[in-house]
Amino acid sequence: MPGIRGPSDYSQEPPRHPSLRINYKQPFNAEPPRSALVSSYITPVEFFFKRNHGPIPVVDDIDSYSVSMSGLIDNPIELFMKDIWKLPKYVVTATLQCAGNRRTAMSNVKEVKGVGWDVSAIGNAVWGGAKLADVLELVGIAKWTSTTKSGGKHVEFVSIDKCKEENGGPYKASIPLSHATSPEADVLLAYEMNGEPLKRDHGYPLRVVVPGVIGARSVKWLDSINIIAEECQGFFMQKDYKMFPPSVNWDNINWSTRRPQMDFPVQVYA
């Protein structure tokens, strides 16, 4: 895509705070010390957990960067940052939590796969950007819509990054159209975090923020937004981030029997 690119190696990674606990180096996954999360209601950007699936994308020209909107709509468009900046700006304080938070503790009970997070894969930030409901109105989708005339029921977000789980393809995920078009849901196309432009680790120049939903659906480094009939068929919707009963093991798992995880279960910290 013009203006932004997803590197194939890790030679252009951004600097990170030295106190972060690195759980995986390439791709970079790290969390802050526990004390950083209780020292302030708003998590400082440098202490906000870093969750990545590939090399961090690089923006070469912000003016030529755009997000394509297509799929089951009548008028596909390209949205440049200048178009998004013209929309009403909303500021939403929301907590994002990785679905794998406390995975290390889970492994003490039953072996699980994935990055070994402690308890700090969570952060609370003030996000600024355009409401997704307003953006969807630009392509003729009214607020509170659950199905388009062409049969669209879900909104898919596709990143520019390259993930090993997608065989080098981009990270992608979706949410129901009814959620995306609800003004009360506060779903944002965010370009600010704690009053400043997004840092590269957190999705610069544009990301989705879906409050109240696992962090895996808040896609970073947006490349495209697609209106689709069924939920996203990507790896992170179909082969990961699903909840199963204790009787299911890796040798008898059937991914198709469970829907993708959205809400996060309540956690009690001892």
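The values are calculated or read from the model by the stated rules, or taken from the named source; none is laboratory data. Remember, it's a predicted structure, so these values are computed and weren't measured experimentally. Heads up, the Cβs are rebuilt from the backbone with ideal geometry, glycines too, and the neighbour counts pull from every protein chain shown. Surface accessibility is based on the protein's heavy atoms, side chains included, excluding ligands, DNA and RNA. Shrake-Rupley method; radii C 1.70, N 1.55, O 1.52, S 1.80 Å.
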In Å, descending, principal axis extents of the Cα set of region 1-67: 41, 25, 17
Nearest-20 debye value, region 91-210 charge dipole, Cβ charges on Lys, Arg, Asp, Glu: 340
Listed candidates (i) 0.98; (ii) 0.93; (iii) 1.05 - label of the one calculated as Cα Rg over 2.2 N^0.38 Å: (i)
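Just to verify a number: FRET efficiency for residue 249 and residue 119, C-beta to C-beta distance, R0 = 22 Å, to 0.05?
0.30
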Relative contact order of the chain, defined on C-alpha pairs under 8 angstrom at six or more residues apart (%): 19
Under the Karplus curve 6.51 cos²θ - 1.76 cosθ + 1.60, θ = phi - 60°, whole-Hz ³J(HN,Hα) for region 111-116, x wherever Gly or Pro sits: 4, 10, 9, x, 4, x
Positive-pole candidate from 256, 75, 14, dipole of the chain, charges at beta carbon: 256
Normalised contact order of region 197-265, rounded percent, pairs of Cα under 8 Å and 6 or more residues apart: 29
Accessible surface ranking that places the most exposed of 184, 156 first, with a 1.4 angstrom probe: 184, 156
Region 37-113 - percent of accessible surface contributed by carbon and sulfur, probe 1.4 Å: 54
Solvent accessible area, Å² - residue 126, 1.4 Å probe, full protein context: 40
Dipole of the chain, positive end: most advanced residue of 107, 84, 214 [Cβ charges, Cα centre]: 107
Summed side-chain charge close to residue 172 - residues other than residue 172 whose Cβ falls under 14 Å, Lys, Arg +1, Asp, Glu -1: -3
Net charge dipole size for the chain [Lys, Arg +1 and Asp, Glu -1 on Cβ; Debye, nearest 20]: 680
Å² of accessible area per residue within the chain, as computed with a 1.4 Å probe and no ligands counted: 47
Distance histogram for region 99-141 (every C-alpha pair counted, 10 angstrom bins, percent rounded to whole numbers): 24, 25, 17, 23, 11
Distance histogram in 5 Å bins (all Cα pairs of region 25-172, percent per bin): 2, 7, 12, 14, 17, 17, 14, 9, 5, 2, 0
Mean separation of Cα contacts under 8 Å (6+ apart) over length of region 124-200, as relative contact order %: 44
For region 171-233, fraction of C-alpha pairs farther apart than 16 Å, in %: 45
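What does the charge add up to near residue 246, with Lys and Arg as +1, Asp and Glu as -1, over the other residues with Cβ less than 15 Å from its Cβ?
+1
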Cut-off 11 Å, label 7 Å out along Cα→Cβ of residue 147, residues of region 59-77 by amide N: none
Gyration tensor (alpha-carbon) shape descriptor, region 102-227, a/c threshold 1.5: prolate
